Amino acid sequence: GAGQNGSGACLALQAAGSGDGEASSHVHANRLRLLQVMLVSLRRRRPAVTDEVRVQLLAGIAPALREGVAHPYKQVHEESAKTIVAALLAGVDKHESLVSLRAWVEQRAKELGPLLLAASAESSVTMASQGLVYAFIHGLLGRRLMGLALESVEFLLAAASAEDHELRALAILSLGCLGQSHQRGWEPMALARTLAGLCNVPEAASAAQRARHLEAAAGLVCAGAMRHYFVLRSVEQGEGLKLCREALISLLQERRVEVRSAGQAALVPILGLDGLEACRAQVRSFATLGPGDSVDRAVHGLGAMLLAAGSLGVPQWLGGVVEALARVGQRAEAKKEVEHIVQAFLKQQQESRDLWKRCQARLTASQMDLLRSRQGTLSYYA
């Protein structure tokens, strides 16, 4: 009876994934949901349900799941993705059927990533990518597939920079889940190098794709570094954390302002965790400009320090940031950006009466004057 149940599930799913037009997408999706319930029930260890039964079922449905994840109907490829995740958790992790399915997911991600750079929003590549991204989302939400998702991160970043807006939204959601996942199987330095390497963009990417890639990468590097902060800080005198910080600082010199802003936002929580002397040294590093140096690094780096200071309740090094930012703001090309950063800081401080009083008390009169002089003219939309 067990073998017949396994083969029956196989035939039903193959009919669901055939796309012959006779059944609606709701029928396909409902069959897949029933399979998910069956797979969840198989995870419970019972005398009547042997590993042989699990293996027969998985071997029967795996080929149809691979087809279903690329189905043109959204309901079907999402339910296929959920079923793939349920199959990978069926309780026979080391069996060839599951090893093969997991390897297929990884290989499929490697194949689709480069193709997404040239894929249109209506292409089969985009459709197949949506299904695969759904698999990572549901796996990560269940605290599963964390290692596999990080190994496939280039695919997720390619999806986050794709032409299709729906695929981009799904990929950004999956990257948010990935950033919060605990990567137990990675050595700290290997993890740090992987995170820092995400700020490298494929050469074939267009200008718009490059900007989307770097924006998504900045958020992931920040989340990953904060999630593993103590691990990265504890090895090799904090070299892992330094790699992540330098990767984000490199984004401050990008041509697109949205990328620079993403790098600045990602730096804020990381810089805020440094000690007093480290923060003062970082302020001096950002403020030091040679004759031919780009002012963008200084503006956005000091802007990140200013916003970090605002969230820390006005630390001792805030005055140095204000003075350095005022000096940088004297350059014509930096004036507007500095005004925008100062306006954001003052708005943050003035949201609370106690916080604003503390800010006024801890800054000198000359430093408060510098803030007001660099505030510029507030607009109605500020």
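FYI, it's all coordinate maths here, none of it is from the lab. This structure is a prediction, so every number in the text was calculated from the model and none was measured. Note: ideal-geometry Cβ built from the backbone for every residue, glycine included; neighbour counts use all protein chains shown.
Normalised by the number of residues in segment 300-372, the mean separation of alpha-carbon contacts (under 8 Å, six or more apart) gives a relative contact order of 39 percent.
3J(HN,Hα) along segment 78-89, derived from phi through the Karplus expression 6.51 cos²θ - 1.76 cosθ + 1.60 where θ = phi - 60°, amounts to 6, 5, 5, 5, 4, 5, 4, 4, 4, 5, 5, 10 Hz, with x in place of Gly and Pro.
For a straight C-alpha distance cut-off of 21 angstrom, the lysines reachable from Lys110 (same-chain residues fewer than eight places away being disregarded) are Lys82.
As a ratio to 2.2 N^0.38 Å, the alpha-carbon radius of gyration for segment 185-271 is 1.06. Calculated on the Cα set of segment 275-382, radius of gyration then Dmax: 13.2, 42 Å.
Sorted by mean Cβ packing within 10 Å, highest first, what order do the peptides 249-262, 98-111 take? Please list the in-between numbers first.
Values: 249-262: 19.0, 98-111: 16.5.
Highest mean packing first, the order is 249-262, 98-111.
Of the peptides 132-138, 315-321, 116-122, how do they stack up when ordered by the mean number of other Cβ atoms within 10 Å, highest first?
Working: 132-138: 26.4, 315-321: 19.6, 116-122: 15.6.
For the peptides 132-138, 315-321, 116-122, the packing ranking is 132-138, 315-321, 116-122.
The calculated FRET efficiency for Val99 paired with Ser311, based on their beta-carbon distance and R0 = 51 Å, is about 0.65. Distance from a point 7 Å along Cα→Cβ of Phe230 to each backbone N in segment 165-180: keep the residues under 18 Å and list them by number. Taking a point 7 Å out along Cα→Cβ of Phe230, the residues of segment 165-180 whose backbone N falls under 18 Å are 180.
Overall shape: oblate for segment 122-204, with the ratio a/c of the largest to smallest alpha carbon gyration tensor axis at 1.5 or above and b/c at least equal to a/b. Given a Förster distance of 30 angstrom, what is the FRET efficiency for Gln180 paired with His340, based on the Cβ-Cβ distance and rounded to 0.05? After rounding, the FRET efficiency stands at 0.55. Rounded to whole numbers, the Karplus 3J(HN,Hα) couplings from phi for segment 136-144 are 5, 4, 5, x, 5, 4, x, 6, 10 Hz, using 6.51 cos²θ - 1.76 cosθ + 1.60 with θ = phi - 60°, and x at Gly and Pro.
I need to check one value: relative contact order of segment 96-207, counting alpha carbon pairs closer than 8 Å and at least 6 residues apart, in percent. Result for segment 96-207 is 27 percent.
For a straight C-alpha distance cut-off of 20 angstrom, the lysines reachable from Lys336 (same-chain residues fewer than eight places away being disregarded) are Lys347.
Using packing as a proxy for protection, rank 162-170, 301-309 so that the peptide with the highest average count of other Cβ atoms within 10 Å comes first.
301-309, 162-170
Between Arg256 and Asn200, the distance separating the two model label sites (each 7 Å from Cα on the Cα→Cβ line) works out to 2.0 nm.
With a simple spin-label model that places each label point 7 Å from the Cα along the Cα-to-Cβ direction, the separation between Arg353 and Ala207 comes to 5.0 nm.
In this structure the amide hydrogen of Gly142, modeled in the peptide plane, comes within under 5 Å of no amide hydrogen from residues 5 or more places off or on another chain.
Can you give the Kirkwood hydrodynamic radius for segment 300-362, in Å, rounded to one decimal and based on Cα pairs? Could the numbers behind the result be given before it?
On the way: mean 1/r = 0.0848 Å⁻¹.
Taking the inverse mean of 1/r over all distinct Cα pairs, segment 300-362 comes out at 11.8 Å.
All C-alpha to C-alpha distances of segment 98-250, sorted into 5 Å bins beginning at zero, yield P(r) values of 2, 10, 20, 22, 20, 14, 8, 3, 1, 0 percent in whole numbers.
Want the number for Lys74 to Arg372: 0.36 nm per residue separation, take away the alpha-carbon distance, what's left? Write down the numbers at each step before the final one.
On the way: separation 298, 0.36 × 298 = 107.28 nm, distance 5.27 nm.
Taking 0.36 nm per residue and subtracting the Cα distance, the gain is 102.0 nm.
Applied to segment 315-330, the Karplus parametrisation 6.51 cos²θ - 1.76 cosθ + 1.60 on θ = phi - 60° returns per-residue 3J(HN,Hα) values of x, 5, 8, 4, x, x, 5, 4, 5, 5, 5, 5, 5, 5, x, 6 Hz, with x for Gly and Pro. Report the FRET efficiency, 1/(1 + (r/R0)^6), for Arg143 and Ala332, where r is their Cβ-Cβ distance and R0 is 41 Å, rounded to 0.05. That pair, Arg143 with Ala332, gives E of 0.20.
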